[in-house]
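Read through the structure below, which is laid out as structure tokens, and then see the notes.
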Amino acid sequence: MKKTILFIALVAATGAMFAQKKTTTSGSINFDATTSLDQLPKAENKTVIAAIDPKKGTLAFEVIMKNFTFGNPRIQEHFNGPKWLDSEKFPTATFSGNITNPTAVNFSKDGTYDAEVAGDLTIHGVTKQVKTTGKIVVNGKVVSVNAEFSIKLEDYSVDGPQIGAGKIAKEPKITVAADMQ
């Protein structure tokens, strides 16, 4: 009987521990590198893995580079090719960071909160510190995260003839959205 009670208590404690972290495998990241010369370098990836730990204020994303889809298959080929992001050699991009204003977000109360986030963004094998602002929406057991920011491709050693020719923005806009449970 004591073993049964101990087992039930252990299962309940483990469930409570895992319930704190919110995750998804269907977040999205949009990549917009359009310029006045070319409106086609836009892509979306809807298979982003994301996690947030409300107790610790940590946030993480991982994206498979080949899962970005472009309207033009030729641009997608360039994007994944060795002269651009070299997705064979660098198959993922990751972000790992913290909410830097944790008291501004109340994860136990439904609402929309302005969040400041800082952490390490790794693209093309290069890791850089980034800071951005975004929205965290708490709605019952679902936590939604939305942010928009730009990166400098040269900071991540990404170059190519299309960038130099002005057909690809040197500072593309990145939009992140994830609903986590």
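Scanning the stretch 40-55 finds one or more residues that are of a type in the set (Gly, Ala, Ser) and within 16 Å of MET180 (Cα to Cα).
Just need a number here: residues in the stretch 150-173 that are under 17 Å from VAL48 (Cβ atoms) and crowded, with 16+ Cβ neighbours inside 10 Å.
In the first step, residues of the stretch 150-173 are kept if they are under 17 Å from VAL48 (Cβ atoms); the result is 151, 172-173.
Filter again for crowded, with 16+ Cβ neighbours inside 10 Å, leaving 151, 172.
Of the residues in that region, 2 qualify.
I'd like to know if the stretch 25-32 contains one or more residues that are β-branched (Val, Ile, Thr) and either surrounded by fewer than 18 Cβ atoms within 10 Å (Cβ to Cβ) or over 20 Å from ASN146 (Cβ atoms) (or both).
Within the stretch 25-32, the subset β-branched (Val, Ile, Thr) is 25, 29.
Imposing the further condition that a residue be either surrounded by fewer than 18 Cβ atoms within 10 Å (Cβ to Cβ) or over 20 Å from ASN146 (Cβ atoms) (or both) reduces the set to 25.
Yes; the residues of the stretch 25-32 include at least one that is β-branched (Val, Ile, Thr) and either surrounded by fewer than 18 Cβ atoms within 10 Å (Cβ to Cβ) or over 20 Å from ASN146 (Cβ atoms) (or both).
For the stretch 34-69, taking the residues that are farther than 28 Å from VAL137 by Cβ and modelled with pLDDT under 95, the one that is nearest to the chain's Cα centre (by Cα) is identified as PRO41.
Report the residue count in the stretch 144-164 for those that are closer than 12 Å to ALA177 by Cβ and hydrophobic (A, V, I, L, M, F, W, C).
2
For the stretch 27-65, the tally of residues that are in contact (Cβ under 8 Å) with a residue 60 or more places away in the chain and in a strand (DSSP E or B) stands at 12. Put simply, of VAL142, VAL126, VAL130, VAL117 the only residue that is of a type outside the set (S, T, N, Q), surrounded by 15 or more Cβ atoms within 10 Å (Cβ to Cβ) and either touching an Asp or Glu at 6+ places or on another chain (Cβ under 9 Å) or modelled with pLDDT under 95 (or both) is VAL130.
For the stretch 75-117, name all the residues that are assigned to a loop (DSSP other than H, G, I, E, B) and closer than 19 Å to LYS152 by Cα. Full working, then the answer.
Taking the stretch 75-117 first, the residues assigned to a loop (DSSP other than H, G, I, E, B) are 81-91, 100-101, 105-110.
Matches in the stretch 75-117: GLY81, PRO82, LYS83, TRP84, LEU85, ASP86, SER87, PHE90.
Only one of the numbered conditions (1) on the phi < 0 side of the Ramachandran plot; (2) in a loop (DSSP other than H, G, I, E, B); (3) touching a Leu at 6+ places or on another chain (Cβ under 7 Å) is not met by ALA169, and that is (3).
The values are calculated or read from the model by the stated rules, or taken from the named source; none is laboratory data. Keep in mind that this is a model prediction, so the values were computed, not measured. Don't worry about glycine lacking a Cβ; one is built from the backbone with ideal geometry, like all the others, and counts go over all protein chains shown.
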